[in-house]
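A short reminder: the numbers here are calculations on the coordinates, not readings from a lab. Note that the coordinates shown come from a computational prediction; the quantities given were computed from them, not determined experimentally. A quick note on method: Cβ atoms are made from the backbone with ideal geometry, for glycine too, and the neighbour counts reach across all protein chains shown.
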Amino acid sequence: MAALHFDCGSALKCNTPCMFFDDHPEFLETSSTAAGKDRLNLRHVAIIEEHCKILSGSRVLDIASHDGRWSFAALQAGATHVTGIEGRGHLVALANQTFASKGIDPSRFRFIHGDAHDTLTAGLGTFDVVMCLGFLYHTLRYPELFAGIRATGARHVVIDTRVFAGGARVVRLIKNPKEIDSMAVEDRFSYEGKTLVGTPSVSAVVHMLDTYGFDVASQPDWARIRREHPGVTKARQYERGERVTMLAVSRD
């Protein structure tokens, strides 16, 4: 099969673009996260299209890779290899099935079923880019997470997360039930089917990155993204500052 590639500029130049999840609707049917297509399409613009230059030619680690949607998008953006870590076995199976059905060379991807923190601590080798998407508000094990990211040697980290409003370095505590795909995966610290997690403020995220040697380099301009995609809606969390996407760069 020819190498997958996504034309980063085409969607921005077209008034009525055919967007990622329009082309790949199977990812809308593989879990119960209840994310709408319009919102996912705009997230693709902010997470993938805005970062095509760093994804192209890179080895990418996708933390909490879910059904493989963002790993697949990274390959389309020119990544040479993707490794996903996912705590739910049925989502790992779906990711492998989807990649196989699309004819992707098995040498270009790997999905690991396991606890993200434990897997990172055990060591996965080196990567160029780490994607941590929709995960920071499903954990409180931040030192394990960021130390593990640091150990990959990645130059770039792309984070997308729900955030708690306010300027202070705070984390709002929440309990997640294990039964729902959009919630935290049960781990050895869970109790009676619930996992204690936290929604960090933007300042807290920046502080965590700084502690482990990363500086925030950029954040997508959501006002511009909405102007360039006037027919696509459902991005209110980003517009209200309740969710952010950011690119962090290693100081080393």
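Observations on the structure shown:
- Label-point separation, E144 to Y191 (7 Å along Cα→Cβ), nm: 1.7
- Rounded to the nearest 20, the Cβ-based charge dipole of segment 19-250 about its Cα centre (Lys and Arg +1, Asp and Glu -1) stands at 440 debye.
- Full-extension gain in nm, E29 to K234, via 0.36 nm per residue minus C-alpha separation: 72.0 nm
- Label-point gap, in nm, between K37 and A217 - each point 7 angstrom along Cα→Cβ: 3.4
- Note that the chain, at 25 °C in a medium of 0.890 mPa s, gets a Stokes-Einstein diffusion coefficient of 134 µm²/s from its Kirkwood radius over C-alpha pairs.
- When D115, D221 are sorted by how many other C-beta atoms sit within 10 angstrom of their C-beta, beginning with the fewest, the order is D221, D115.
- Looking at the chain alone, DSSP beta bridges between its own residues are antiparallel in about 50 percent of cases.
- Listed by Cβ neighbour count within 10 Å, with the fewest neighbours leading, W70, W222 appear as W222, W70.
- Note on segment 160-224: Rg/Rh from C-alpha atoms, Kirkwood Rh, equals 1.06.
- Taking H44, H24 and counting other C-beta atoms within 10 Å, the order from fewest to most: H24, H44
- Between the beta carbons of R155 and S101, assuming R0 = 25 Å, the FRET efficiency works out to 0.20 to the nearest 0.05.
- Sorted on the mean count of surrounding Cβ atoms within 10 Å across their residues, most packed first, peptides 166-172, 198-204, 77-83 read 77-83, 198-204, 166-172.
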